[in-house]
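Only one structure is covered here, and it is reproduced in the block below.
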Protein chains: 2
Amino acid sequence: MIRNAVGRLIPEEIDGRKLKPFAGAHNDHGGGRKVGPPIRAVVDYGNKLLKSLDEAIDACQIQDGMTVSFHHHLRNGDYLVNLVVDELAARGLKDLTLAPSALFPIHESLVKHVENGVISHIEGSMNGPVGQACSLGKMKKTCILRSHGGRYRAIQDGDLPIDVAFIAAPAADEHGNCNGLSGPSACGVMSYSLADSLYADRVVVVTDNLVPFPNYPWIIRGGNVDYVCTVDKLGDPEQIVSGTTRITRSPTRLLIAQYAARFVRDIGLIEEPHFSFQSGAGGISLAFLKYIGDIMRQRGIKADFARGGSNKFLVDMLEEGLIGYILDGQCFDMVGARSLRENPNHLETDPFTSYNYHTKGNFATRVRVAVLGATEIDLDFNVNVNTHSDGWLLHGIGGFADVCDAQITVITAPLLRGRLSTIVDSVTTVTVPGETIDVLVTEHGLAVNPARRDILDRLKGSDIPLRTIEELRALAVDMAGVPRKPEFEERIVALIEYRDGTVIDTVRQLKV
Amino acid sequence: MIRNAVGRLIPEEIDGRKLKPFAGAHNDHGGGRKVGPPIRAVVDYGNKLLKSLDEAIDACQIQDGMTVSFHHHLRNGDYLVNLVVDELAARGLKDLTLAPSALFPIHESLVKHVENGVISHIEGSMNGPVGQACSLGKMKKTCILRSHGGRYRAIQDGDLPIDVAFIAAPAADEHGNCNGLSGPSACGVMSYSLADSLYADRVVVVTDNLVPFPNYPWIIRGGNVDYVCTVDKLGDPEQIVSGTTRITRSPTRLLIAQYAARFVRDIGLIEEPHFSFQSGAGGISLAFLKYIGDIMRQRGIKADFARGGSNKFLVDMLEEGLIGYILDGQCFDMVGARSLRENPNHLETDPFTSYNYHTKGNFATRVRVAVLGATEIDLDFNVNVNTHSDGWLLHGIGGFADVCDAQITVITAPLLRGRLSTIVDSVTTVTVPGETIDVLVTEHGLAVNPARRDILDRLKGSDIPLRTIEELRALAVDMAGVPRKPEFEERIVALIEYRDGTVIDTVRQLKV
């Protein structure tokens, strides 16, 4: 075991694969070469449109031990993962690696395929029951969690070779050009599958909305697709994009959002040229959008761009002219999806463009301020978004590690959550290192990472209560006591891979 | 020397590189893996905007013997190639390989850099004086000509490794996102540089129109760009896109165009579902557009799409509703460029999407009928578009070899050109094999490739004069005699590479 740069012990090797311990957020300068996908010839691609998903699965000649990938743009409405894995199980396949960008509660039935040996392990985010199964040690091999950008990087760099990618396409033509803009399963952005389309050995596009050629925009290009097939329904529209996203009504959370917006105002950020921001889709983040919008309107300031996850509040700002562009990575509600389809200043981005760390620059680093929620934060400003305080692995990384490359990263969190302190001595799991976190905003004021003296200087004159993180921690302990640490077995069940491919932490089997 | 599938003698090796002789148009099924470009990290791309082209050249650390690439979307108005190569010469660099997608007469000054050893040879199309220099044996090494799709394939497959790509961008932001839609050098489509941006070791974007981030569409993605710099002028707007393209006024050529359109009508092609076509920008091709438009209008038929080179006539058809989409590869006039910018059904395509043979399908094979001009055609239907009958290498391949993958490929040519027969016993240079050419249309009627019995059957009842190619050849000889063959030296000065990477012919030094 080697102690990495955030003090976590990382095995030298796991499942026969050598691990690189995390060595600092900006210590990786690339090197080596991207992976070269197989060369195929046009002559063998006369007709790609197959009669059924079954036929497509046959055509791919999937074998025991292969890696099969999926994507999460249909979120908790997705039918495809279960459809395919059930079918693979019915064919008696074993020891498959599943490489979804993320899984949701709807994928709970995968747990039985883990138990019966169809799935050996998962490289991807696991929200809910599948993560729980991982925590219980049910996977044969060690799971790997990656951020959106980290997943692109891993596929591109050859760390995650994919044999067959199944891409759920809300709209596709027979050549395989697809996007998420129309059809019964329209989800808006669908570019999480980009890396898979470029690098997987075989690529299957599955749609419930076959449209005439040419389907444009070709977010996934037909030239990277082996087979196209149709199914009755890709998913449950109600669960694919929520009808509406709602601002929090909790006074505590509203106060946190207000502090975050005032912080951005008070350090003079919105008055600088080229203001831009990113905020999530949680209740606090949406309230932040409202408050920052009010300030911008008041001061007559327009942001060059905002990064999505898009939602009604962001779209309102775009339509009002408060934002020049939405650079979207995911549509969180119907209004976001509609705007992406209709507004020429609402642009679909993908994990290469936005988040991949092994590129010649990405959009994440251009964002002036990012406002994100977190499960735990510790005295070193390390953040955990993966495991709950009770030790269960219940969440993926999403774009978290990538977004923290913003010029200023702000974590918003109530001091207590479920009567437990959000601020801990040391997070259960390190998702991102404290060196990439600049400010913590709570309802009791904000704490600035001492490494960011510049921010502390800029805050002079602000009337937001300023605390050290230790003070906020003490306050929380006063209110709720020191939380009990979860107990773990020795066995490592998952690795938390940082955006550069190093291992920042491990997740151990929960003692239950 | 090995005799290839069209009977041409190909050396086993040239300049230390093993050659694959052409083995049939559809004999290549891929294999092996694409090349993996170097892995770089975001941390090293804080500010890409350099002060000058000079500074960008410095940053690239170009050394003797390296390969430097350019693109031809500014056509005969391009200033960039000369600017850069003059600068490289001034620095005393030697033995550079130049890899432009195409050169034009404006690049004549490169000849002196060939003579003084700055440039060892060229891998790319040479229109005019540079081709002439090649014919005279001035290049130190053997040049390689590739089609647009073949160039993409060669870069992707690692046959043409590029050290530094210079991309002339009519509009670019400081991140390197670029397109050809606006600015003083607006050219419309600029996607010939796509492969270079993806695979070159270093990528420099040069613009005379720096626009705010995010510049969209990002035809070239900033994430693939190392440096951005500005120059006063990228080119001469008058020469970048012509103000207008003109239909031929020659009665002979109009007749040929009319026969071509009647051919398409008489075989019932436009009545089939999913009609689509591609036609060039020469006088006959434009007249073909007019005639085919008349027929479609008359019969109330709409094409799913037409492939560009776009021009006024094609745009008129789009705007009238005769075409669903223009899938454009290059804008030949101002109207084409304007339509690409404004019309959501006028789409920019790139050589990957359209032409690359080593993909999982491309657009070229989806085209129902392509109508193309040619310099020479022989009794085996082999076509030459590279050398004139007098042996001078004066033209590139363009998309020719790629477009011939259309379902029906029609060559239009007057029987005589400059008092020489266009139809010859054996073409001076084989650009594409006769097996990919289906019909020759002349003012004396048309000849169908005997391999296409299906087309002959479909022509029953047509009143277009039907001839064998031998009959047309005899007619031409009657009128103009047998043309004198050019005389060549032994030395091979250029290879004609087929779209799959095999060598279909060689070009020899001209005896002068």
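Computed quantities for the displayed model
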| item | result |
| --- | --- |
| Residue within the range B:400-408 that is more than 25 Å from B:G128 (Cβ to Cβ) and without any contact (Cβ under 8 Å) to a residue 24 or more places away in the chain present | no |
| Candidate set from the range B:276-312 (those that are more than 18 Å from B:L347 (Cβ to Cβ) and among the aromatic types (F, W, Y)); member that is farthest from the other protein chains (Cβ to nearest Cβ) | B:Y291 |
| Test result for A:S426, at pLDDT below 95 and out of contact with any helix residue (DSSP H, G or I) (no Cβ under 8 Å at 6 or more places or on another chain) | no |
| The range B:1-26, residues that are free of Cβ contacts under 8 Å to residues at least 24 places away in the same chain and within 14 Å of another protein chain (Cβ to nearest Cβ) | B:H26 |
| Positions within the range B:387-407 being out of contact with any Phe, Trp or Tyr (no Cβ under 9 Å at 6 or more places or on another chain) and more than 14 Å from chain A (Cβ to nearest Cβ), in sequence order | B:T387, B:H388, B:S389, B:D390, B:W392, B:L393, B:L394, B:H395, B:G396, B:I397, B:G398, B:F400 |
| Conditions (1) surrounded by fewer than 21 Cβ atoms within 10 Å (Cβ to Cβ); (2) part of a loop (DSSP other than H, G, I, E, B); number of the one not met by B:L347 | (2) |
| Candidate set from the range B:190-237 (those that are of a type in the set (D, E) and under 24 Å from A:L198 (Cα atoms)); member that is farthest from the chain's Cα centre (by Cα) | B:D226 |
| Criterion (hydrophobic (A, V, I, L, M, F, W, C), within 17 Å of B:R202 (Cβ to Cβ) and free of Cβ contacts under 8 Å to residues at least 60 places away in the same chain) met by exactly one of B:I39, B:I62 | B:I39 |
| Residue list for the range B:356-386, filter: within 14 Å of chain A (Cβ to nearest Cβ), of a type in the set (G, A, S) and in a loop (DSSP other than H, G, I, E, B) | B:G361 |
| Residues that are touching a helix residue (DSSP H, G or I) at 6+ places or on another chain (Cβ under 8 Å) and crowded, with 23+ Cβ neighbours inside 10 Å, drawn from the range A:370-384 | A:A370, A:V371, A:L372, A:I377, A:F381, A:N382, A:V383 |
| Top-ranked residue of the range A:5-60 - restricted to ones that are out of contact with any Cys (no Cβ under 7 Å at 6 or more places or on another chain) and among the polar types (S, T, N, Q), ranked as surrounded by the most Cβ atoms within 10 Å (Cβ to Cβ) | A:N27 |
| Tally of residues being within 17 Å of B:R8 (Cβ to Cβ) and out of contact with any Gly (no Cβ under 6 Å at 6 or more places or on another chain) across the range B:472-488 | 2 |
| Strands (runs of 3 or more DSSP E) wholly inside the range A:75-145 that include at least 2 residues being among the aliphatic types (A, V, I, L, M) and within 20 Å of A:S197 (Cα to Cα) | A:96-100 |
| Close pairs from the range A:368-395: first touching a residue at least 60 places away in the same chain (Cβ under 8 Å), partner surrounded by fewer than 24 Cβ atoms within 10 Å (Cβ to Cβ) and of a type in the set (F, W, Y), Cβ under 8 Å, at least 6 apart | A:R368/A:F275; A:G391/A:F488 |
| Residue in the range A:103-119 that is small (G, A, S), modelled with pLDDT of 95 or more and surrounded by fewer than 21 Cβ atoms within 10 Å (Cβ to Cβ) present | yes |
| Failed item, numbered, when B:R153 is tested on (1) within 14 Å of chain A (Cβ to nearest Cβ); (2) part of a loop (DSSP other than H, G, I, E, B) | (2) |
| Residue under evaluation B:Y45, criteria (1) more than 8 Å from chain A (Cβ to nearest Cβ); (2) touching a residue at least 40 places away in the same chain (Cβ under 8 Å), criterion not met | (1) |
| Residues of the range B:218-237 satisfying the condition of being away from chain A (no Cβ under 12 Å) and of a type in the set (A, V, I, L, M, F, W, C) | B:I219, B:C229, B:V231, B:L234 |
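The values are calculated or read from the model by the stated rules, or taken from the named source; none is laboratory data. Quick caveat, the model's predicted, so the values are computed rather than measured. Positions of Cβ are generated from backbone atoms using ideal geometry, with glycine treated the same way; all protein chains shown enter the neighbour counts.
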